[in-house]
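Working notes, beginning with the structure itself.
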Amino acid sequence: MAVTEKRRADTAQARDRLEAYLVRSELKKRTLAVVPLTGDASDRRYFRVIVRDAASIVLALHPESFSYETLPFVRIAELLRQMPVPVPAIIDHADDLALLVLQDLGDVTLQAYLGAVQPADHIGLYRQAVAVIEILQRRGADLDSPEYPPYCVAFDTEKFLWELEFFTKHFIEGYRGMAIEAPLRDALLTEWRHLAGLLASEPRVLCHRDYHSRNLMLSAGDLYVIDFQDARMGPDTYDLTSLLRDSYVDLSDEDSDALIDHFVALKREGRPDLNADEWERGFRGRFEMMALQRNLKALGTFGYQTTARSNPVYMQYIPRTLRYVTMALERQPQFGRLQDLLSGLIGEMF
């Protein structure tokens, strides 16, 4: 089936499920409009339902039926609310229709808000977002339990390596159309293994896994976290890197450094045993290493969406992400060989 025909079929099927839920829940007669919302790069679809004499709601359609009690999104939402981290309320569900009914937080992502206000107004919201990461890590350790999905899966060497190979396949070969001969492929793989091994050895904490400006929402003046269903254990630099080296927004080096300082200060509170200066130096080095892997992985995703999914919207974010990769490499002499290899493949990076 052609891509366009499949999309039409998927849209028709989604509409059928929406209609079935609205009838079943007796919302049909009160529904004024059903509006498709822009989703992420996943296979979930979102619709806003505007209801007479009530607050609007969002219907999240999953690709397959599920069990509400074991759905990762539901279990992780419960975990985050205990911390507490602000997440959208789950209002209802229909397992057979693969549908969740969520609180409508509106349309203002952090990314959208930053584009509408002066840069001087950015830092306060970012400090809030950084504080949420500290809560995730600290309270995540307190609430550690195998009954919650994130504690049963982690970023390990194999996962980091898979993501780096994904970059090779979908960005260098797919998006850029570069043929990689066996000696060069082996050299890249050696570098990937080295980077993946270093990252996998870092301290593990609870990670959102995709903590950036598109997954932070502003609603009635409050900051909310969304798209957390893939949370897992990983390096303590992971979420901060996602936020401060975000492919979707520009953040000045000065602001980024100040926010790293803020995170370090939060981590040091109540830890008199911590050698603050030594820990901060080590953290900043690990931050750059995580930024390198994270942004290479993002380029792989953008290449995949463009070439395999015929979705060109992510092409606009590639130049910024390449700059982040360049920055991370320039700040880490240990990856000089990798810098040379990538320079030969993607010359405009350097």
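The values are calculated or read from the model by the stated rules, or taken from the named source; none is laboratory data. Values in this document were obtained by computation on a predicted structure and should not be read as measured data. Because the Cβ atoms are built from the backbone with ideal geometry, glycine has one as well, and the counts that use them run over all protein chains shown.
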Residue within the stretch 183-197 that is closer than 29 Å to T70 by Cα, assigned by TED's automatic domain parsing to the domain that holds D239 and at pLDDT 95 or above present: no
Selection within the stretch 61-97 - closer than 19 Å to Q13 by Cβ and touching a helix residue (DSSP H, G or I) at 6+ places or on another chain (Cβ under 8 Å): L61, S65, F66, H93, A94, D95, L97
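Look through the stretch 199-216, keep the residues that are charged (D, E, K, R) and closer than 11 Å to G234 by Cβ, and return whichever of them is farthest from the chain's Cα centre (by Cα).
Of everything passing the filter in the stretch 199-216, E202 is farthest from the chain's Cα centre (by Cα).
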Residues of the stretch 102-124 satisfying the condition of being among the hydrophobic types (A, V, I, L, M, F, W, C) and either closer than 30 Å to D142 by Cβ or free of Cβ contacts under 8 Å to residues at least 40 places away in the same chain (or both): L102, L105, L110, A112, A116, V117, A120, I123
Boolean, F302 is more than 22 Å from Q339 (Cβ to Cβ), at pLDDT 95 or above and under 18 Å from the mean Cα position of the chain (by Cα): no
Test result for A196, more than 17 Å from the chain's Cα centre (by Cα) and surrounded by fewer than 21 Cβ atoms within 10 Å (Cβ to Cβ): no
